[in-house]
Amino acid sequence: MKIEETFQVPTSVDRVWDFITDPNKIASCLPAVQSVQILDDRHYEVVVKQRVGFISATFKIHTEVLEKEAPFRMVLSNKGKTIAGARGTLKSTDTIVLKAAPDQSTEVHVVSEVTLGGQLAILGAKLIEAKSKELFVEATANLKEKLGGRSAPPASAPVQMH
Amino acid sequence: MGKFSVIGQSVPRLESEEKVTGQLKFLDDLKLPGLLYGKILRSPHAHAKILHIDAGQATKLPGVVAVLTRDDVIGNQAYDSHYGPILKDQTIVALDKVRYVGDPVAAVAATSPYVAEEAMELIEVDYDELPAVLDSEEALAENAPLLHEKIQKPRQGFADLSDVGHVEGTNICNHFHLSKGDVEKGFRESDHIFEHVFTSPAAQHAALESFSAVASFDSSGRLTIWSTVQNPFVIRDQIAELFHRPLSKVRVIALHLGGGYGSKLYPKLEPLVAALAHKAKRPVGVTLTREEVFLTITKHAAKIYVKTGVSKNGRILARECRVDLDTGAYAEIGPRVSKKSGYTAAGPYEIPNVLIDSYLLYTNKVPAGAFRGFGVSQSNWAHESQMDIIARALKMDPLELRRKNLLDEGGEFVTGERVHSAAMMECLNKAAAAVRWGTRSEPASKSAARGKGLACLIKATITPSISSALVRLNEDGSATVYVGTTDMGQGSDTVMAQIASEELRIPLDQIGVVHSDTDLTPYDLTTSSSRSTFHMGRAVQMAARDVSVQLACMAARLFNVGPEEVVCENQGVRPGDNSAPSLSYNALLLKNFGIKGANLIGKGTVKTRSTLDNGEHVTSAFWFAGAAAAEVEVDRDTGQVRVVRYAIAADVGKALNPLFCEQQLRGGTITGIGLALMEQLVYQGGLLINPNFLDYNLPRFLDVPEEIIPILVERAHPEGPFGAKGLGETALIPAAPAIANAVEDAVGVRITELPITPERVLSALQQKQEEKVKKSTLSRVS
Amino acid sequence: MKRAIQVTVNGGVHELSVEPRETLLEILRGPVGLTGTKLGCDQQVCGSCTVLMNGLPVSSCSVLGVDAAGNEVLTIEGLATDGELHPIQKAFIEHGAFQCAYCTSGLILAVKALLDQLPAPEEGQIRHFLAGNICRCGCHLEILQAVRSLLQQSQQRKEA
Amino acid sequence: MGLRNFEYIEPSSVHEASRFIAGHPEEARIYAGGTSLLLLMKQGIVRPAYLVNIKKIPGLRYIENGNSTIRIGSLTTHHDLEVSPLIKRFVPAIAEVEPEVANIRVRSTGTVGGNLGFGEPLTDLPPILIALDARIKVADQNEDRVIPLEQLFAGYYETTLKPNELITEVQVDRMAPHFGLKYMRFSVGSDKPAVGCAIGVRLDPRTGTCVDARCVLGCVAPTPLRVREAEEVLKGKPFRADLAEQAARLASQACSPLSDLRGSEQYKRTIVGVLMRRAVGEAFRRAESQSAD
């Protein structure tokens, strides 16, 4: 499943870059983060608890920074496995592209390619995908807010179902 | 009718009472003393290198007796790592890499299934993911990731498959090519050319009984395996090779099976369970969960291209077919499926120019293998759908078009050989008549429409092959039949008993049957390809006659007549001229041997050949011939298709047990309807997302037509027992095209992708409506 | 932690000690020793594991043993009396209502529930009632025939 | 797949059950029939540390006839509803659908409370009950409250119940004279519906005008979905095919089905329209024939 969104923040590209390359800061945008552990500047481990109704899953996600072209482009690879709750795996590649916009603002383009595996995907791949989309929208909204963007409710992201 | 006593009678299955009282034992109902429970850890990735496996924690869990990983398999002196019936591309557990989501990576044997499951979760595996091949197109793409490098073949392969093989450096597991005449010339001479692509998805056999296997080594190293298997002799052969043992040191036993449909052929769990038992030094059993069954074997997904050249009066002059079959991660029996699919890809028609290419392709998905119909249902879906497209274009009755081209008695098959004992025309005519072809009935509601469709089929049986049987006349005059044919519900035990009963003039209830024990029953290649009645039935008949001859010789001495003058009847003998009173078999044996306890053993062997003495090639020892006619009702608003009535005619040679024949036809039809309308395995990336009965829909009572009319055409086959031949796969094969043809007849849309879901029908209807609107707007404009 | 339960199976009382996670099916096939009830889909979809609990059909694969405590369970083994087959069993044989018979135990009990619950069902009602029992060999029409013959028998009994 | 171990709790009163789940909001799950829960537990989707079997609580399995209300205890099974003479007489819409809900075995063990409390999206009863304006009684350790059923559902597998609350009763009014309800479901080869649509209409017996309407969809949104704009279209007018068509269009637009194995989002929207159109006509016919009584 591919999810993407583009939005503007009234912050300079360099500041946005500093924010998104700080694991603690970027992780703080993810809903329901339980812990962030920095292994080195390219690898970190995030524990996230997610739920659909009473079904919950706690993922331990290994994130690797695959590409870093300061201050414009970063590609992250995430691989996770549940450590509590529903059994499943999660894999995603996130690409964040920054573009300088007028008035010291920045256009942020985020693309996430998410694949779920295991029982979670079998239970209701589409249901979970819908949920992932919600989370993505929430995460980008948080990012926007923390970078001083308009905190208006996020426009619904285009979702491509495969 | 009067000629036979039990042949031609619909006698119930010998084991009927055990079946309705729950007493019949399936494999998982039995427990060996000291049995350990095995569970399998499977790959979560479609394609990945295994970097590291740590089973330390699992081994320490109380109750765990053995954990099997590649570390046990690599370099093990007791057994090899690789096996496979045609290509040795499978390993006991994954070695260097995994090739599909579900590929076995490790196995645990423990004192309880719960412990084994817990232990599995403690095994740590690190993977490095590789790019995966997800369908046949990707498999053929340039620079596609390769699933397998170099593949070895078993020491002695199958006689019919000496020519198959992996094309090294590609994902082509097998390529089958067949040609006759000159297709290009044929197309040039044609008035119309039709080209279409049809697809058929992967599907599940869904036998209700899961796969089970139990392995036990005795102190001398003899290995006994109980398994849910249709062809125990193939398993014995594979295991003996794998474990470096002579055949005499491996015993494979199959009980009654809870359905097979092709799924329970060839090694599945046996190599892994045997290796686990070897390590645990105790008997180990594994029964798969339903989800694991889905991850074990499937029906081949197919993409079929058909190009047909036709004269304006409806003669097919040339046909070119290309069948791409997705065989998943391992070859299994795929190469034979691609061959069978290829042979009949042009259909049951006499066509002067034919070119067939069938490609079998490796992908990172669940392996595909035999499925009732063996690749023929996929190619039949294509050519029988196209027949109706052609008829419609030529404004011909589809029945007429088929009649005009049909391969009937003495007709020339694609291979150049003459087809005999296959009453194609009679089947077609009878099936059409049964649904009152040419008439239209009223739908139940205004939004619905009804239509009818036909489809014909031809299929080959595995040739050459061997079946042997023993019949033992017991000292009391009863008899026991020993056959390697596995009864999986089709009723083979009963039919074999009927044959012996008829030949020996012994009441049916005094015939016992021992089946599928490689130590007790003589060799049989396989219970598949609808071959058992023809091959094993004939072998039993020969074995029974062997006993009759022995009895006649014995009696002749006593009666002082020639053996040919001895009459066997009522479980006894008498001289033909009634010069002496009749003697029961029991009394005859006593008299002859002078001591209680003597019995007679008769043997019979049937071996079919692929080349006759005159050099003529034989593709099939007998041909399945059949035709189906479906009547459907389509809801124009929802696209939902309901099969209202269905007729299926099959040439059975001679119906030894008409009830069983009819059950095969009705049952095959119902599975065929499932595959036509609702069944498909759905993948998301490499992950199968409907590996269970909640999400994989099977035909239910609500989906079964009001009426299924089985039509038994009896054109005696000269080599079959009493003229009989096989029919088990006949009904399933033509179901999908017959239904699709009926859908077009009802609402005028052509579906080329299976299954024919309501959504596909509705979107075709909507598209047709849009085109109509466009046309009428255009005509108004002009 | 194991719990002591008492279940009546085919009229016989069983005192058992079970783990809460053990299903009725596991208990029947294990400690009770009756293997006529089969595991099929493990999801209450296929009906192979059907037994009657207090007269009603349930999926024994999805009933916890602890929850079955105190109840009366009828399995396929309890249907024939004194060696005489139950009329449903006879009808299944007579009409060829099975091939492999892996589904048969469950189907026979489903048919028993059907006959107990619906005195004069229409064809559609019968099909709906049995829709949750899968027969992969495809003996549906033979089973329907067996059901119709049983209904006829009971009709005749009523008239007599 | 065998179940993971859990601790089994058998409370003997609603009070006790409520107190227990309040104390273990994350680790305890209510077992009230268990038809859906055990399935998720087997798949490893839900792994509760405590399974609280409320089925042994006395006094929660009943179908009672109040003045104008039928009161259904939350442990009442689908089968109880199917065979209840009271239901057949006063709420025939429920009796009509029950023989097609899931399968016979699920109907024997599955309870109304379990069905509603689970928040499972693919199920038949909720849209029908909402079309009947059903209420539920929920209880915690201390007190009861009654809420419209419509307010129970919050999302996929999600309800508005507080961690210490249980459903104890469903209340449905007797179907009024001149009220007609039709529920239609669409499914292919499955026990589970892919789309459900319940239409209820109450007519003025003299004019045949629709006085009140309920249009409720099932399976095509995170919760059962009441399409009020479609109801407005029907209200105040007698049956007209074009109104049914218009209501159907509104319903197709209002829902938010997921593309899944049962059909694409677009297809489900189409089916919503088809079912709605057919069900509206039938609901009016029923309401009219009710008038004749």
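What are the residues in segment C:68-85 that are in contact (Cβ under 8 Å) with a residue 24 or more places away in the chain and out of contact with any strand residue (DSSP E or B) (no Cβ under 6 Å at 6 or more places or on another chain), if any?
C:Gly70, C:Ile76, C:Glu77, C:Gly78, C:Leu79
Where in segment D:204-293 are the helices (runs of 4 or more DSSP H), entirely inside, with at least 1 residues that are within 14 Å of chain A (Cβ to nearest Cβ)?
Values: elements: D:228-234, D:241-254, D:265-292.
So the answer is D:265-292.
Which of the residues that make up segment B:506-530 are part of a strand (DSSP E or B), surrounded by fewer than 24 Cβ atoms within 10 Å (Cβ to Cβ) and among the acidic types (Asp, Glu)? Walk me through it before giving the result.
Here is the first cut: in segment B:506-530, the residues part of a strand (DSSP E or B) are B:511-515, B:517, B:524.
Subsequent filtering for residues that are surrounded by fewer than 24 Cβ atoms within 10 Å (Cβ to Cβ) retains B:512-514, B:517.
Across segment B:506-530, the qualifying residue is only B:Asp517.
Could you figure out which of (1) part of a helix (DSSP H, G or I); (2) modelled with pLDDT of 95 or more; (3) open to solvent by 10 Å² or more (accessible area, probe 1.4 Å) isn't true of B:Asn741?
The single condition B:Asn741 does not satisfy is (3).
May I ask you to say which residue of D:Glu229, D:Glu288 is over 29 Å from C:Leu130 (Cα atoms), crowded, with 16+ Cβ neighbours inside 10 Å and among the acidic types (Asp, Glu)? Can you show your working first?
Working: D:Glu229 fails: crowded, with 16+ Cβ neighbours inside 10 Å.
That would be D:Glu288, the only listed residue that is over 29 Å from C:Leu130 (Cα atoms), crowded, with 16+ Cβ neighbours inside 10 Å and among the acidic types (Asp, Glu).
Consider only pairs whose beta carbons are under 6 Å apart and that are at least six residues apart or on different chains; among these, list those whose first residue lies in segment B:474-491 and is free of Cβ contacts under 8 Å to residues at least 60 places away in the same chain and whose second residue is among the polar types (S, T, N, Q) and open to solvent by 20 Å² or more (accessible area, probe 1.4 Å).
B:Ser478/B:Gln510
Restricting to segment D:142-191, and then to whatever is in a loop (DSSP other than H, G, I, E, B) and open to solvent by 50 Å² or more (accessible area, probe 1.4 Å), can you tell me which residue is farthest from the other protein chains (Cβ to nearest Cβ)?
Of segment D:142-191, the ones in a loop (DSSP other than H, G, I, E, B) are D:142-143, D:152, D:156-157, D:160-165, D:174-178, D:187-191.
Keeping just the survivors that are open to solvent by 50 Å² or more (accessible area, probe 1.4 Å) gives D:142-143, D:160, D:162-163, D:174, D:177.
Details: D:Asn142: 23, D:Glu143: 23, D:Thr160: 11, D:Lys162: 13, D:Pro163: 10, D:Arg174: 25, D:Pro177: 28 Å.
Once the filter is applied, the top-ranked residue is D:Pro177.
Hey, among the residues in segment B:658-671 that are crowded, with 24+ Cβ neighbours inside 10 Å and more than 9 Å from every other protein chain (Cβ to nearest Cβ), which one's farthest from B:Ala716 (Cα to Cα)?
B:Leu665
So how many residues does segment D:193-216 have that are farther than 17 Å from B:Thr638 by Cα and crowded, with 20+ Cβ neighbours inside 10 Å?
Filtering segment D:193-216 for residues farther than 17 Å from B:Thr638 by Cα gives D:198-216.
Those still in the list that are crowded, with 20+ Cβ neighbours inside 10 Å too: D:198-203, D:210, D:213-216.
Number of matching residues: 11.
For segment C:114-128, enumerate the residues that are more than 8 Å from chain B (Cβ to nearest Cβ) and not acidic (Asp, Glu).
The answer is C:Leu114, C:Leu115, C:Gln117, C:Leu118, C:Pro119, C:Ala120, C:Pro121, C:Gly124, C:Gln125.
Out of everything in segment C:128-141 that is open to solvent by less than 20 Å² (accessible area, probe 1.4 Å) and in a helix (DSSP H, G or I), what residue ends up being farthest from C:Tyr102 (Cα to Cα)? Walk me through it before giving the result.
Taking segment C:128-141 first, the residues open to solvent by less than 20 Å² (accessible area, probe 1.4 Å) are C:129-140.
Those still in the list that are in a helix (DSSP H, G or I) too: C:129-130, C:140.
Numbers: C:Phe129: 19, C:Leu130: 16, C:His140: 14 Å.
Here the answer is C:Phe129.
Of all residues in segment B:41-70, count the ones that are more than 17 Å from B:Thr111 (Cβ to Cβ) and of a type in the set (Val, Ile, Thr).
Of the residues in segment B:41-70, 3 are more than 17 Å from B:Thr111 (Cβ to Cβ) and of a type in the set (Val, Ile, Thr).
Quick one: count up the residues across segment B:215-240 that are open to solvent by less than 20 Å² (accessible area, probe 1.4 Å) and either of a type in the set (Gly, Ala, Ser) or assigned to a loop (DSSP other than H, G, I, E, B) (or both).
8
Run down D:Arg29, D:Arg47 and say which single residue is open to solvent by 50 Å² or more (accessible area, probe 1.4 Å), modelled with pLDDT under 95 and within 30 Å of D:Val91 (Cβ to Cβ).
Values: D:Arg47 fails: within 30 Å of D:Val91 (Cβ to Cβ).
One residue alone meets the criteria, D:Arg29.
Could you tell me how many of the residues in segment B:183-204 are open to solvent by less than 70 Å² (accessible area, probe 1.4 Å), of a type outside the set (A, V, I, L, M) and either part of a loop (DSSP other than H, G, I, E, B) or under 17 Å from B:Gly334 (Cβ atoms) (or both)?
Total meeting the criteria: 4.
Quick one: how many residues across segment B:591-620 are among the hydrophobic types (A, V, I, L, M, F, W, C) and closer than 30 Å to B:Leu161 by Cβ?
Restricting attention to segment B:591-620, the residues satisfying the condition of being among the hydrophobic types (A, V, I, L, M, F, W, C) are B:593, B:595, B:598, B:600-601, B:606, B:612, B:618.
Remaining after also requiring closer than 30 Å to B:Leu161 by Cβ: B:606, B:612, B:618.
Qualifying residue count, segment B:591-620: 3.
For segment B:684-705: of the residues being facing chain C (nearest Cβ under 8 Å) and in a loop (DSSP other than H, G, I, E, B), which is nearest to C:Gln145 (Cα to Cα)?
At the first step, the residues of segment B:684-705 found to be facing chain C (nearest Cβ under 8 Å) are B:692-694, B:698-702, B:704.
If we keep only those that are in a loop (DSSP other than H, G, I, E, B) as well, we get B:692-694, B:698-700, B:704.
On the way: B:Asn692: 29, B:Phe693: 26, B:Leu694: 27, B:Leu698: 21, B:Pro699: 18, B:Arg700: 16, B:Val704: 13 Å.
Of everything passing the filter in segment B:684-705, B:Val704 is nearest to C:Gln145 (Cα to Cα).
Does any residue in segment B:429-454 that is of a type in the set (S, T, N, Q) come within less than 7 Å, Cβ to Cβ, of a residue that is in a loop (DSSP other than H, G, I, E, B) six or more places away or on a different chain, and which pairs are these?
Here the result reads B:Ser447/B:Arg636; B:Ser447/B:Asp637, each pair linking segment B:429-454 to a residue that is in a loop (DSSP other than H, G, I, E, B).
Take the residues of segment A:81-96 that are assigned to a strand (DSSP E or B) and either among the basic types (Lys, Arg) or within 13 Å of the chain's Cα centre (by Cα) (or both): which is farthest from the other protein chains (Cβ to nearest Cβ)? Can you show your working first?
Our first condition is that a residue be assigned to a strand (DSSP E or B); within segment A:81-96, this holds for A:81-85, A:89-96.
Filter once more, keeping what is either among the basic types (Lys, Arg) or within 13 Å of the chain's Cα centre (by Cα) (or both): A:81, A:90-96.
Values: A:Lys81: 8, A:Leu90: 11, A:Lys91: 8, A:Ser92: 12, A:Thr93: 12, A:Asp94: 17, A:Thr95: 18, A:Ile96: 22 Å.
Selected residue: A:Ile96.
List the residue pairs whose Cβ atoms are under 8 Å apart, where the first residue sits in segment A:128-142 and is within 11 Å of another protein chain (Cβ to nearest Cβ), the second is surrounded by fewer than 21 Cβ atoms within 10 Å (Cβ to Cβ) and of a type in the set (Val, Ile, Thr), and the two are 6 or more positions apart or on different chains.
A:Glu129/A:Val114; A:Glu129/A:Val159; A:Lys133/A:Val159
Mind checking which residues of segment D:68-108 are facing chain C (nearest Cβ under 9 Å), touching a Lys or Arg at 6+ places or on another chain (Cβ under 9 Å) and open to solvent by 10 Å² or more (accessible area, probe 1.4 Å)?
D:His79, D:Glu82, D:Pro99, D:Glu100, D:Ala102, listed by residue number.
Kindly provide the set of residues from segment B:23-46 that are surrounded by 17 or more Cβ atoms within 10 Å (Cβ to Cβ) and in contact with a Lys or Arg (Cβ under 6 Å, 6 or more places away or on another chain), ordered by number.
B:Leu36
So, C:Gly65, is that one buried (at least 17 other Cβ atoms within 10 Å of the Cβ), over 27 Å from C:Cys137 (Cα atoms) and touching a helix residue (DSSP H, G or I) at 6+ places or on another chain (Cβ under 7 Å) or not?
Numbers: buried (at least 17 other Cβ atoms within 10 Å of the Cβ): yes; over 27 Å from C:Cys137 (Cα atoms): yes; touching a helix residue (DSSP H, G or I) at 6+ places or on another chain (Cβ under 7 Å): yes.
For C:Gly65, the condition - buried (at least 17 other Cβ atoms within 10 Å of the Cβ), over 27 Å from C:Cys137 (Cα atoms) and touching a helix residue (DSSP H, G or I) at 6+ places or on another chain (Cβ under 7 Å) - is met.
If I ask for residues that are more than 13 Å from chain D (Cβ to nearest Cβ), open to solvent by 10 Å² or more (accessible area, probe 1.4 Å) and of a type in the set (Asp, Glu), which ones from segment B:627-649 would you list? Write out each step before concluding.
The first filter runs over segment B:627-649 and keeps only residues more than 13 Å from chain D (Cβ to nearest Cβ), leaving B:627-634, B:644-649.
In the following step, the residues that additionally are open to solvent by 10 Å² or more (accessible area, probe 1.4 Å) were identified as B:633, B:645.
B:Glu633, the sole residue that qualifies.
List the helices (runs of 4 or more DSSP H) inside segment B:303-412, counting only whole elements, that have at least 2 residues being open to solvent by 10 Å² or more (accessible area, probe 1.4 Å), farther than 28 Å from B:Leu525 by Cα and among the charged types (D, E, K, R). If you could, list the steps in order and put the result at the bottom.
On the way: elements: B:334-343, B:376-394, B:398-405.
Passing ranges, in order: B:398-405.
The values are calculated or read from the model by the stated rules, or taken from the named source; none is laboratory data. Predicted, not measured: the structure shown is a model, and the values here were computed from it. Heads up, the Cβs are rebuilt from the backbone with ideal geometry, glycines too, and the neighbour counts pull from every protein chain shown. Areas reflect the complete protein model, heavy atoms only, side chains present, ligands, DNA and RNA absent. Shrake-Rupley method; radii C 1.70, N 1.55, O 1.52, S 1.80 Å.
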